[in-house]
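Let me begin by presenting the structure, written as structure tokens, before commenting on it.
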Amino acid sequence: MSDLPAINQSVTVDWSSEKAQRRVRRRYGAERRLKWFGLGAIAMALLLLGVLVTSLISVGYTAFVQTHITLPVFIDAAKINPDDPFKGKYRPMVNDAFVNMLSGIDSKADRRLAAKMLSRGASLMLRNSVVDDPAQMGKTVTFTFPMADPIDQLHKGVTPRDVPEDQRRVSDKEIAWYDQLVARGAISKPIAWSLIFSADSRFPELAGLAGAIMGSFYALLVCFLISFPMGIAAAVYLEEFAPKNKWTDIIEVNINNLAAVPSVVFGLLGLAVFLQVFGLPRSAPLVGGLTLSLMTLPTIIIATRASLKAVPPSIREAALGVGASKHQVIMHHVLPLAMPGILTGTIIGLAQALGETAPLLLIGMNAFITSTSGGIVDPATALPTQIFIWADSPERGFVAKTSAAILVLLGFLVTMNAIAIYLRRRFERKW
Amino acid sequence: MKLKAMMLSTVVGLAAVVAAGQADARDRIQIVGSSTVFPYTQAVAEEYGNITGKAAPVVESTGTGGGMKIFCSGVGEKTADVTGASRAMKPSEWELCNKNGVTDITEVLIGYDGLSIAVSRKGTKLDLTKGQIFLALAAEVPVNGKLVANPYKSWKEVDASLPDLKIQVFGPPPTSGTRDAFVELAMHKGCKELDFFKTRKGELDKKAFKKFVKANCSRMRQDGPFIEAGENDNLIVQRLDADPSAFGIFGYSFLFENQDKLAAVMIRGVEPSMETIADGSYGISRPLFLYIKNAHRGVIAGLNEFVTEYVSEEAMGPDGYLSERGLVVLPDETRAQVQDAATDSSGMTRYTN
């Protein structure tokens, strides 16, 4: 300690000395390292994201197209109930049309095997078409029907054809018939719009996300309608009216705490309160939305408080100075100025809610539902729970469908986050 | 003004939500229960919806135990109408049902499901006895007349006739009905094949022996070779595909759908197939049940029609669409009985006489 110079003593430092230069080099080195660590971290994050997306795309891309067959069907009026075209022997009609396209079918068993190559949805599509337009009766109409999943997988090259027969899901006979169809040009592979516009099904070739998308939409709508006004009201009170004392401190700690509670806890709460005490229906987006709003609420409160705080006091003081009441200050000046930040926080909160699975599993939004939800109390699934169901299905086609559904969900998340960033950029004010 | 409009629309929306929440007459059948029965019920639900044009039932996979809890929680529109089970209803569940007023239940045996132990096609196919399965996977096994922590690390150590291959088996977690069935059908039966337990059988009376088996043969080992893989069977398939030395336990339908990737382990020389499971020669198979709340018949629209569709020949018959999904169908005579009982809504007799 004694060799330290006294404070008022000036010390001459030799900046060009070896020692000083080493020090400078070391400081620059540390700076460079910090920069590289940061860059490395970003590269690592991007790499992991890249691996995730690549693996999803490499598995899921096949689900965006679907193997179809172009099939002329003679609609035999004798097989349809003329009073109620809904009732008719549509399956034999389709199967006959399909089997007649093939050669080398000798036995009844062969006919049955061949008929299974066509999706079971084909006869329903035929029925719906006849119900919509009864004038088709007695004519030959050309349809495009999806092929059954094993053939779909074969056409997409997922099922290998050069392995022994007992090691694959399709038999040699089916492959031979399939080759006949390909040779005739009857097989096509258009974009699978059913992935977005159909409801769930046990057949991968028919299953789609429409039910889940509507379910997620209704749940988010409920979640938004509850958490947005409540979040803003709570934040306005805490920020503008509440006295700073022990109680508001406790409330603040609890709100921050709530934001960190694992979502499965909210699911259990939803099960106990909304289903068992209030007796709301199981699997309904209403309950899903209520449960999710519990999670979104703290996010919105925190974001709103931050945006309210960011409005400079001079605005408030100026408004008060020209005689505005507190209500006028808040409603006319502070809140509109804070709105971009509030909206950004809300959208990010909703995006989180969109990806949430655990609470929905507990309130039954992971059910198998073959129709699109028509409202907030109609049973529905949500996107993440639909992924959960498909991931657990044995049929091969659902492996690709699962990845495709994840990509669709990621698409929605990216869109929502992009909107949040756009809003922030567009309306943000610098003071 | 803009802000006011926004607030107003929010309030209106909120009111609409609340109003809509009030109306809740149920027009759909509600089904819960086992994840093993789930795919079959799914198939019937979709078919029912397509044939009748009515709203298809809502089918939820909650596991057998979870399903029983919901099913037995009472009678009325808010409770489930049907539950699937990969084992028979337990006495405790029957009591719970009775306590909550669910006394008139029809039990329907819909078919059988085989449990398969599978390995990647690239791996070594084994032929095991249940005793060997028990020795490889139990937490405690008999060595020199005493139960000790399972010392076996490779199949060769279990039995000299087996290959020198690390024991590595992926299986379902304890919450799963598949796990219950595996413990009962493979582990309990397996330990009864061993001399250690056979001598006990001579010493103890029947009830005490049953208790002894349950206490000592139910625990799976926790030291690594048995790996709980979660309820997602597709993940097990992927892991087996990636690691040819690993084995996996799951329902036969998964093996059936993944024949190109997986091969079955034989049990005493018998490979699982529709035929061997139905005639009982393949040793690890279990019955699948459906429980129907009779108080809801005629109240919930379409429940009777749904049950009729479920037990129809087109569904559970030998060429029905359930067998296409991997269900092992009942023999003709049993099936006819089941079909009659289901459509007549006969009460459950398992615990009443």
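The values are calculated or read from the model by the stated rules, or taken from the named source; none is laboratory data. Note that the coordinates shown come from a computational prediction; the quantities given were computed from them, not determined experimentally. Counting neighbours? That spans all protein chains shown, and the Cβs are built from the backbone with ideal geometry, glycine included. When the accessible area is computed, the model is the full protein with side chains, heavy atoms only, and any ligands, DNA or RNA have been set aside. Shrake-Rupley method; radii C 1.70, N 1.55, O 1.52, S 1.80 Å.
When the solvent-accessible surface of protein heavy atoms is calculated with a 1.4 angstrom probe, in what order do B:245, A:373 fall, highest first? Let's see the in-between values first.
Numbers: B:245 35, A:373 10 Å².
Result, largest first: B:245, A:373.
Nearest 10 degrees is fine. How inclined is helix A:18-60 to the longest principal axis of chain A, computing both from alpha carbons?
Roughly 20 degrees between the two axes.
For a quick check: with amide H placed at 1.01 Å from N, whose amide H comes under 5 Å from residue B:262's, ignoring anything fewer than 5 positions away on the same chain?
B:121
May I ask you to evaluate 6.51 cos²θ - 1.76 cosθ + 1.60, the Karplus curve with θ = phi - 60°, for each residue of region B:154-162 and list the ³J(HN,Hα) values in order in whole Hz, giving x for glycine and proline?
For region B:154-162, the Karplus curve yields 10, 4, 5, 5, 5, 8, 4, 7, 8 Hz.
Report, as an integer, the average count of C-beta atoms from other chains found within 10 Å of each Cβ along A:225-234. Spell out each step's value before the answer.
Details: counts 10, 4, 0, 5, 6, 2, 0, 2, 1, 0.
Shielding by partners across A:225-234 averages 3.
Considering protein heavy atoms only and a 1.4 Å probe radius, which residues within region A:331-356 exhibit an accessible-area decrease of no less than 40 Å² in the full assembly relative to the chain by itself?
With the partner chains in place, region A:331-356 has these residues losing at least 40 Å²: A:331.
Over chain B, with the other protein chains present, what is the accessible area per residue in square angstrom, probe 1.4 angstrom?
On the way: 15000 Å² over 353 residues.
Accessible area per residue: 42 Å².
Per residue, how much accessible area does region A:67-190 have with a 1.4 Å probe, in Å²? Kindly include the intermediate steps, with their values, before the conclusion.
Numbers: 5940 Å² over 124 residues.
Accessible area per residue: 48 Å².
Mind giving me the FRET efficiency for residue B:99 and residue A:248? R0 is 45 Å, r the Cβ-Cβ distance, nearest 0.05 is fine. The partial results should precede the final answer.
Working: r = 47 Å, r/R0 = 1.05.
Using R0 = 45 Å, I get an efficiency of 0.40.
Please give the solvent-accessible surface of residue A:112 in Å², to the nearest 10, using a probe radius of 1.4 Å with every protein chain present.
My reading of the accessible area for residue A:112 is about 120 Å².
Between residue B:337 and residue B:214, how many nm apart are label points set 7 Å from Cα along the C-beta direction?
With each label placed 7 Å out from Cα toward Cβ, I get 2.6 nm.
Name all residues of region B:129-143 having a backbone nitrogen under 13 Å from the label point set 7 Å from the Cα of residue B:149 along its Cα→Cβ direction, giving them as ranges.
Only B:139-141 pass the distance filter.
What FRET efficiency comes out for residue A:419 versus residue B:344 if R0 is 51 angstrom and r is the Cβ-Cβ distance? Round to the nearest 0.05.
Numbers: r = 58 Å, r/R0 = 1.15.
In this case the efficiency is close to 0.30.
Give B:166/B:201; B:156/B:210; A:87/A:139; B:153/B:214 a once-over and call out the pairs whose C-alpha atoms are over 26 Å from each other.
Working: B:166/B:201 32 Å; B:156/B:210 30 Å; A:87/A:139 18 Å; B:153/B:214 24 Å.
Correct reply: B:166/B:201; B:156/B:210.
Using 0.36 nm per residue, how much length does the chain from residue A:107 to residue A:74 gain when fully extended, once their Cα-Cα distance is taken away? If you can, show how the numbers build up before the last one.
Values: separation 33, 0.36 × 33 = 11.88 nm, distance 2.26 nm.
Difference between extended and current length: 9.6 nm.
Along the Cα-to-C-beta direction of residue A:131, a point sits 7 Å from the Cα; which residues of region A:55-84 have their amide N less than 16 Å from that point?
A:80-84
Between the helical axis of A:335-354 and the dominant principal axis of chain A, each derived from Cα atoms, what acute angle in degrees is found, rounded to the nearest 10?
Orientation of helix A:335-354: about 40 degrees from the principal axis.
Checking an interface number: how much accessible area is buried between A and B, summed over both chains, with a 1.4 Å probe, in Å² rounded to 100?
Approximately 4300 Å², summed over both chains.
Residue B:268's amide H: which non-local residues (gap 5+, or another chain) put their own amide H closer than 5 Å, with H modeled 1.01 Å from N in plane and none for Pro or chain starts?
Amide H to amide H, under 5 Å and 5 or more residues apart or across chains, residue B:268 pairs with B:128, B:129.
Provide Rg over Rh for the protein assembly as shown; use the alpha carbon set for both Rg and the Kirkwood Rh (inverse mean inverse pair distance). Can you show the working numbers first?
On the way: Rg = 31.9 Å, Rh = 30.4 Å.
Dividing the radius of gyration by the Kirkwood radius yields 1.05.
How far is helix A:246-259 tilted off the main Cα axis of chain A, in degrees rounded to 10, range 0 to 90?
Relative to chain A, helix A:246-259 is tipped by roughly 30 degrees.
Go through region A:156-177 and flag every residue whose accessible area shrinks by 30 Å² or more with all protein chains in place compared to the isolated chain (probe 1.4 Å).
So the qualifying set is A:166, A:167, A:169.
With a/c under 1.5 counting as rounded, go ahead and sort chain B into rounded, prolate or oblate using the C-alpha gyration tensor (a ≥ b ≥ c being the square roots of the eigenvalues; past the cut-off, prolate if a/b is larger than b/c, else oblate). Show your work: numbers first, answer last.
Details: a/c = 1.92, a/b = 1.65, b/c = 1.16.
Taking the square roots of the gyration eigenvalues as a ≥ b ≥ c, chain B is prolate.
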